[in-house]
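Here the structure comes first, spelled out in C-alpha cells, and everything after it is commentary.
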Amino acid sequence: MNQSAASLPVAQRIPVLDIVRGFALLGILIMNMPGFGTSFFAEADGSHLWPGAVDRWAENLRDMLFSGKFNSMFSLLFGIGFTIQFTRMEERDPAHATALYLRRLVVLGLIGLLHVCVFWSGDVLHIYALLGLLLVFPLRHASRRTIVSLIVLCLAYPVVSGVLRLLVVTPDVTAMLVQRAKEFEASNNAAYGHGSFWDATVEHVREFGYIYGNRWTLWGYAGFYVQMALTMLLGLLVGREGWVRRIPELLPPIRRLTGWALALGLVCGAAFTLVFEFNRTPGPSAIKMLGGLCYWVSRPAMMIFYVLVIVQLAQRPAWQARFAPIAAAGRMPLTNYLMQTLICTTLFNGWGFGLWGRVGPAAGLALAFVIYFAVQVPCSLWWLRRHERGPMEQLWSRLTYGRAPRAGVAVASS
C-alpha cells in the first residue's frame with residue numbers, strides 16, 4: 001500500500017489548524033475535569049454537589065464559556081481534516097483512498113473503545129470514528145445545499161426532542177432515571193474513589209453498557225451525537241469551500257462574523273446557564289426546552305467566535321510566535337487527549353492519588369490550566385524536538401498503514 005497516499009511533509013501542515021487544535025485541547029481538559037474527579041451521574045436530583053459561592057460561580061462561568069465549545073471545535077477540525085486528508089489520499093492513491101480512510105477510522109474507533117472501557121467513560125474518540133463513517137459514504141459527494149440542510153436539521157433537533165420529552169417523559173420515568181443515576185453515582189464513588197484499577201475498569205464497562213443499552217440514556221446521548229455532527233458538517237463545508245487557505249482574503253467578513261458570533265454566543269450562553277441554574281428540578285419542562293435550545297445555539301456560536309479570534313491573531317507574526325507552544329500541543333492531539341486521561345485518572349482515582357470528590361469547580365478550573373501549560377505544552381515541545389509526530393499519532397499511522405512512515409513525513413492531520 002502506497003505510504004505516500006497518507007503522508008505529508010511537516011512543512012506542508014497548515015499552522016493555524018494546529019493552533020486551533022491546541023486551544024481545543026485546553027478547552028476539552030477544562031470541561032472534562034469534573035468528569036475525571038466526580039461521577040457523571042452526580043446532581044441528577046437537582047442538588048448542588050459544590051454549594052459554595054466560589055464553586056458555583058466557577059461552574060456557571062465554565063459552563064457558559066467552555067461547555068460544548070471545544071469538543072465542537074475538535075469536531076469542526078475533524079470535518080475540515082477529512083476534506084484535506086481524503087483529497088490528498090485520492091490524489092496520491094485513488095484506488096485505495098476509501099479503504100485507507102476507513103481503516104484509519106476503524107483504528108481510531110478501537111482506540112476509543114479501549115479508552116472508554118478501560119480508562120475513562122467520557123471518551124469521544126469512538127463518536128468521531130462513527131460519525132466519520134458518514135463523511136466517507138453518504139456525505140463525501142453531498143452537495144453544498146444538502147450539507148446546509150443537514151446543519152439546519154441538526155439545529156432543529158433540540159426543539160423536536162424537547163417536545164417529545166414533554167409528551168412521553170412522565171414523572172414516573174423521571175423518578176426512575178433519577179434513582180438509577182443515584183445508584184450509578186454510588187457505584188462510581190466506590191469504584192473510582194476507593195477501588196482498584198480493575199474495579200474502575202469494570203465500572204467503565206457498566207457505564208458504557210448503560211449509556212448505549214438503555215433507551216432513555218441512549219436518547220440523551222443521541223443528542224450529543226447530533227451536536228458533534230452539527231459542527232463536523234460545518235467543518236466539512238469549510239473544508240469543501242477551501243476557506244482555511246483563503247483566510248487573508250476573507251478577513252473582512254471574518255471580522256464582522258466574529259462580533260455576531262460573540263453576541264449570539266454570550267446571550268444564549270447566559271440564557272441557558274440561568275435557565276438551568278434556577279430550574280434544577282428533574283424532569284422536562286417548557287423552560288428547560290428553551291434553555292436546551294439556547295445551549296445548542298451557544299455551542300457553535302461561541303466556538304466560531306473562539307476560532308475566528310485565533311485565526312485573526314494567527315495572521316500576525318508576533319502572535320504566531322506566542323502561539324507556537326500551543327501549536328506544538330495541537331500537533332499531538334491524540335497523544336495529548338489520552339495523556340489528559342492518564343494524568344487525571346492517576347490524580348483522582350483511588351488506585352492513584354485518591355482526589356476523587358475533593359476538587360471542586362474552581363480548583364478544577366485552575367488545575368486544568370496547570371496540567372496543560374506546565375505539563376502538556378512542555379512535553380509536546382520536548383517530544384517534537386526529537387520526533388516528527390506524537391507517539392500515539394505514530395501508533396495510529398502504523399496500525400492504519402501497516403508500516404512506519406519514512407523519515408521526513410507525517411500523517412496528514414491538517
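The values are calculated or read from the model by the stated rules, or taken from the named source; none is laboratory data. Predicted, not measured: the structure shown is a model, and the values here were computed from it. Ideal geometry is used to build each Cβ from the backbone, glycine not excepted, and the neighbour counts take in all protein chains shown. Only protein heavy atoms, including side chains, enter the accessible area calculation; ligands, DNA and RNA are left aside. Shrake-Rupley method; radii C 1.70, N 1.55, O 1.52, S 1.80 Å.
The C-alpha atoms of the chain define a longest principal axis, and helix 171-194 lies at about 70 degrees to it.
For the pair Asp45 and Asp172, a Förster radius of 22 Å applied to the C-beta separation gives a FRET efficiency near 0.90, rounded to the nearest 0.05. Over all directions, the projected convex hull of the C-alpha atoms in the stretch 115-199 averages 8.3 nm² in area. One decimal place: the segment Glu277-Arg180 gains 32.7 nm when fully extended, by the rule 0.36 nm per residue minus the C-alpha distance. Contact order, relative form, for the stretch 94-186: 19 percent (alpha carbon pairs under 8 Å, 6 or more residues apart, mean separation divided by residue count). Spacing of the modelled spin labels on Trp198 and Phe224, each 7 Å from Cα toward Cβ, amounts to 2.8 nm.
Let's see if you can work this out: charge +1 on each Lys and Arg Cβ, -1 on each Asp and Glu Cβ, no other charges. What is the dipole magnitude of the chain about its Cα centre, in debye to the nearest 20?
Numbers: 35 positive and 21 negative charges, 279 e Å.
Its charge dipole is roughly 1340 debye.
Estimated from the Cβ-Cβ distance and a Förster radius of 45 angstrom, the FRET efficiency linking Thr146 and Ala53 is about 0.40. Taking every DSSP helix (H) stretch of at least 4 residues in the chain, weighting each as -39,500 (n - 2.57) and dividing the sum by the residue count yields a mean residue ellipticity at 222 nm of -25000 deg cm²/dmol. For the chain, the list of Cys residues with no other Cys C-beta under 4.7 Å reads Cys117, Cys154, Cys344, Cys379.
Could you order Tyr372, Tyr221 by accessible surface area, starting with the largest, using a probe radius of 1.4 Å?
Details: Tyr372 0, Tyr221 45 Å².
Most to least solvent-accessible, the answer reads Tyr221, Tyr372.
Think of the chain as a dipole: +1 on every Lys or Arg Cβ, -1 on every Asp or Glu Cβ, centred on the Cα centre; then among Ser149, Ala301, Pro94, Pro94 lies furthest on the positive end.
Quick check: with the 1.4 Å probe, what order do Lys288, Lys69 take by accessible area, largest first? Write out the running numbers ahead of the final one.
Details: Lys288 40, Lys69 0 Å².
If we order Lys288, Lys69 from most to least accessible, we get Lys288, Lys69.
Other residues lying with their Cβ under 13 Å from the Cβ of Ala191 contribute a combined charge of -4, Lys and Arg counting +1, Asp and Glu -1.
Work through the residues other than Ile151 whose Cβ is under 15 Å from its Cβ and net out their charges, Lys, Arg +1 and Asp, Glu -1. Intermediate values should be presented prior to the final figure.
Details: positive: Arg144, Arg145, Arg240, Arg299; negative: Glu241.
Net charge in that neighbourhood comes out at +3.
Note on surface exposure: Phe278, Phe197 rank Phe278, Phe197 by accessible area, highest first, 1.4 Å probe.
Between helix 53-65 and the chain there is an angle of about 40 degrees, using the helix long axis and the longest principal axis of the Cα atoms.
Under a Cβ-Cβ cut-off of 15 Å, what is the net charge of the residues other than Ala362 that fall near it, where Lys and Arg count +1 and Asp and Glu count -1?
Numbers: positive: Arg56, Arg62, Arg358; negative: Asp55, Glu59, Asp63.
It works out to a net charge of 0.
Working from Cα pairs under 8 Å separated by at least six residues, relative contact order for the chain is 36 percent.
If I take every Cα pair under 8 Å that is 6 or more residues apart in the stretch 206-330, average their sequence separation and divide by the length, what percent do I get for the relative contact order? Could you put the intermediate results ahead of the total?
Working: 66 pairs, mean separation 30.5, N = 125.
Rounded, it is 24 percent for the stretch 206-330.
Using alpha carbons only, how many degrees (0 to 90, rounded to 10) separate the axis of helix 15-37 from the longest principal axis of the chain? That works out to roughly 20 degrees. Counting only protein heavy atoms and using a 1.4 Å probe, the accessible area of Glu277 comes to about 30 Å².
When Rg and Dmax of the Cα atoms in Å is calculated for this entry, the matching label among [x] 21.2, 62; [y] 23.9, 75; [z] 22.1, 77 is [x].
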